[in-house]
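Engineer: Structure below; questions to follow.
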Amino acid sequence: MKDEEQSTVVSDGHVDGNSLAGPLSEVFAVDVTAATSRCAHCGCTGPLASLHVYAKAPGFVARCQQCGRVVLRVVRARGTACLDMTGTALLSIPLAEAGA
């Protein structure tokens, strides 16, 4: 089953941040859905997987689960992945321990 299919659909048409796993795996070498993000607008901090993601567009738009403002956008065009993180104040990505 694809990541997009495993995400939870909510009544307003958004899915959870787990749907970003596929598109972001082309940019990052780790699973960033386990990362913690902080909204630049309201300061809400939580797992990237808890963002509200709208995928019925040319790309993915992830909105803050608290204030609804755009936290990040991912668009793929002509062999390029464009990642706009203007609404992200911080992205903390857990890394594997050295030698683990």
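Engineer: What FRET efficiency do you get for Asp12 and Ile93 if R0 is 30 Å and r is their Cβ-Cβ distance, rounded to the nearest 0.05? Intermediate results must be reported in sequence, preceding the final value.
Structural biologist: Details: r = 28 Å, r/R0 = 0.94.
About 0.60, to the nearest 0.05.
Engineer: Right, another one. Assign one of three labels to segment 59-100, namely rounded, prolate or oblate, based on the Cα gyration tensor with a ≥ b ≥ c the square roots of its eigenvalues; rounded applies when a/c is under 1.5, prolate when it is not and a/b is larger than b/c, and oblate otherwise. Walk me through the numbers on the way to the answer.
Structural biologist: Values: a/c = 3.11, a/b = 1.29, b/c = 2.41.
Oblate shape, in that a/c is at least 1.5 and b/c is the bigger or equal ratio.
Engineer: Counting only heavy atoms of the protein chains, get the accessible area per residue of the chain (1.4 Å probe) and round it to a whole Å² value.
Structural biologist: Numbers: 6040 Å² over 100 residues.
Ligands and nucleic acids excluded, the result is 60 Å² per residue.
Engineer: Same structure again: Would you mind checking which residues have amide H under 5 Å from Leu72's amide H? H placed 1.01 Å from N; only 5 or more apart, or other chain.
Structural biologist: Amide H to amide H, under 5 Å and 5 or more residues apart or across chains, Leu72 pairs with Ala62.
Engineer: Hey, any idea what % of segment 38-100's accessible area is carbon plus sulfur with a 1.4 Å probe? Intermediate results must be reported in sequence, preceding the final value.
Structural biologist: On the way: 2090 of 3960 Å².
That fraction is 53 percent.
Engineer: Further, regarding this structure: Once phi is turned into ³J(HN,Hα) by the Karplus curve 6.51 cos²θ - 1.76 cosθ + 1.60 with θ = phi - 60°, what whole-Hz value does each residue of segment 44-55 show in order, with x for glycine and proline?
Structural biologist: 4, 10, x, x, 3, 5, 8, 5, 8, 10, 10, 10
Engineer: Taking θ as phi - 60°, what are the ³J(HN,Hα) couplings along segment 58-74 by the Karplus curve (6.51, -1.76, 1.60), each to the nearest whole Hz, with x for Gly and Pro?
Structural biologist: Residue by residue, segment 58-74 yields x, x, 10, 10, 10, 10, 4, 5, 9, 9, x, 6, 5, 9, 7, 10, 10 Hz.
Engineer: Set the Förster distance to 22 Å, then compute FRET efficiency between Val30 and Thr86 from the Cβ-Cβ distance, nearest 0.05. Spell out each step's value before the answer.
Structural biologist: Values: r = 22 Å, r/R0 = 1.00.
With a Förster radius of 22 Å, E is 0.50.
Engineer: What residues have an amide H closer than 5 Å to that of Leu51, excluding those fewer than 5 places away on the same chain, when H is modeled at 1.01 Å from N in the peptide plane?
Structural biologist: Gly17
Engineer: Along segment 79-91, what does the Karplus equation 6.51 cos²θ - 1.76 cosθ + 1.60 (θ = phi - 60°) give for ³J(HN,Hα), rounded to whole Hz, x for Gly and Pro?
Structural biologist: x, 10, 9, 9, 10, 9, 10, 3, x, 9, 7, 7, 10
Engineer: Treat each spin label as a single point 7 Å out from the Cα along the C-beta direction, and report the Arg69 to Ala57 distance in nm.
Structural biologist: 1.6
Engineer: Under 1.5 on a/c is rounded, so check that first for the chain, then, if it is not, pick prolate when a/b is larger than b/c and oblate when it is not; a ≥ b ≥ c are the square roots of the alpha carbon gyration tensor eigenvalues.
Structural biologist: Details: a/c = 1.37, a/b = 1.13, b/c = 1.22.
Note, shape of the chain comes out rounded.
The values are calculated or read from the model by the stated rules, or taken from the named source; none is laboratory data. Given the structure is predicted, the values throughout are model-derived calculations rather than measurements. Because the Cβ atoms are built from the backbone with ideal geometry, glycine has one as well, and the counts that use them run over all protein chains shown. When the accessible area is computed, the model is the full protein with side chains, heavy atoms only, and any ligands, DNA or RNA have been set aside. Shrake-Rupley method; radii C 1.70, N 1.55, O 1.52, S 1.80 Å.
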